[in-house]
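*Asks:* Starting off with a structure, shown below.
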Amino acid sequence: MLVSATEMMNKARDGHYAVGQFNINNLEWTKSILLTAQELQSPVILGVSEGAGKYMCGYTTIVGMVKGMINELGITVPVALHLDHGSYEGAKKCIEAGFSSIMFDGSHYPIDENIAKTKELVELAHSKGISVEAEVGAIGGEEDGVIGKGECADPKECKMIADLGVDILAAGIGNIHGVYPANWEGLSFETLAAVKEAVGDMPLVLHGGTGIPDDQITKAISLGVAKINVNTECQLVFAEATRKYIEAGKDQQGKGFDPRKLLAPGAEAIKAKVKEKMELFGSVGKA
Ligand code: 13P
């Protein structure tokens, strides 16, 4: 079922677990994530970056693919199709295309502009039953070519954005996208606690899920994080499984590799990774 993220987020917050947002990049990833969510009876969020959106031939293609898969694979667990780090224009396009959730990343605008744009998008999205994630304090690292430093969000700014009626809030707490550098100081639980104090019931999002030690993930969930984004880890296992398959040289007697067989080990690796994360986040059986 394609649903907005609101209900699954509120349930996760109340039940002290987190729902995984797994970014999708192609048909194989999407199918693996949906099948794993169904097998584990876990709610799930499919994240689509603007770059991945272009790669997969636009937002309407993605909506068609995901809805088709939900139908063909008999997926009954709640699935949110969510724009990840959306621009103002991208968010509007996804609302039009039939996404069930959007993130508007206005963190690089001055706070007043971030507020004005977030407000407008919240009204538009809510009029169609679509949930909205906003971001305060840039999440560092590289995301689709955009590079930022790990920042800690200002709790007062978080409160201002939360009060605009967004459904979920991503606040920078020293987390970054991609693999963490060896000298990374870890999550700032002080910032997380201060943000939680300021925004009350608002479910919080932890971006940059790759490479955060398990005990820090668990602690973040206990302090109000209800959504955790994972992309790089899936990328790493997908690439590694594909590389091994190619190196093993299982081509078809001079015809080259069968593309379906070539991508199958990567798809299996994604399933295993998603299972590991759902178990860690505590979302298994929560559909
Ligand atoms: P990672 O690539 O570090 O897992 O982060 C994913 C993410 O936060 C997408 O928004």
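*Asks:* Counting residues that are within 16 Å of the ligand (Cβ to nearest atom), which helices (runs of 4 or more DSSP H) fully inside region 157-248 reach at least 3?
*Replies:* Working: elements: 189-199, 214-222, 232-248.
The qualifying helices (runs of 4 or more DSSP H) are 214-222, 232-248.
*Asks:* Could you check region 50-83 and list, in sequence order, the residues that are open to solvent by 20 Å² or more (accessible area, probe 1.4 Å), in contact (Cβ under 8 Å) with a residue 60 or more places away in the chain and more than 17 Å from Thr36 (Cα to Cα)?
*Replies:* Correct list: Glu50, Gly51.
*Asks:* Please specify each residue of region 96-114 satisfying the condition of being open to solvent by less than 10 Å² (accessible area, probe 1.4 Å) and either without any contact (Cβ under 8 Å) to a residue 40 or more places away in the chain or out of contact with any Leu (no Cβ under 6 Å at 6 or more places or on another chain) (or both).
*Replies:* Answer for region 96-114, where residues must be open to solvent by less than 10 Å² (accessible area, probe 1.4 Å) and either without any contact (Cβ under 8 Å) to a residue 40 or more places away in the chain or out of contact with any Leu (no Cβ under 6 Å at 6 or more places or on another chain) (or both): Ser101, Ile102, Phe104, Gly106, Asn114.
*Asks:* Does region 163-209 hold any residues that are open to solvent by less than 10 Å² (accessible area, probe 1.4 Å) and more than 17 Å from the chain's Cα centre (by Cα), and which are they?
*Replies:* Result: Leu192, Val195.
*Asks:* Are any residues in region 182-205 at pLDDT 95 or above and of a type in the set (Phe, Trp, Tyr), and if so, which ones?
*Replies:* Correct list: Phe189 only.
The values are calculated or read from the model by the stated rules, or taken from the named source; none is laboratory data. Just so it is clear, the model here is predicted, and its values are computed rather than measured. As a convention, Cβ positions derive from the backbone with ideal geometry for all residues, glycine included, and neighbour counts pool all protein chains shown. These accessible areas exclude ligands, DNA and RNA; they are computed on the full protein's heavy atoms, side chains included. Shrake-Rupley method; radii C 1.70, N 1.55, O 1.52, S 1.80 Å.
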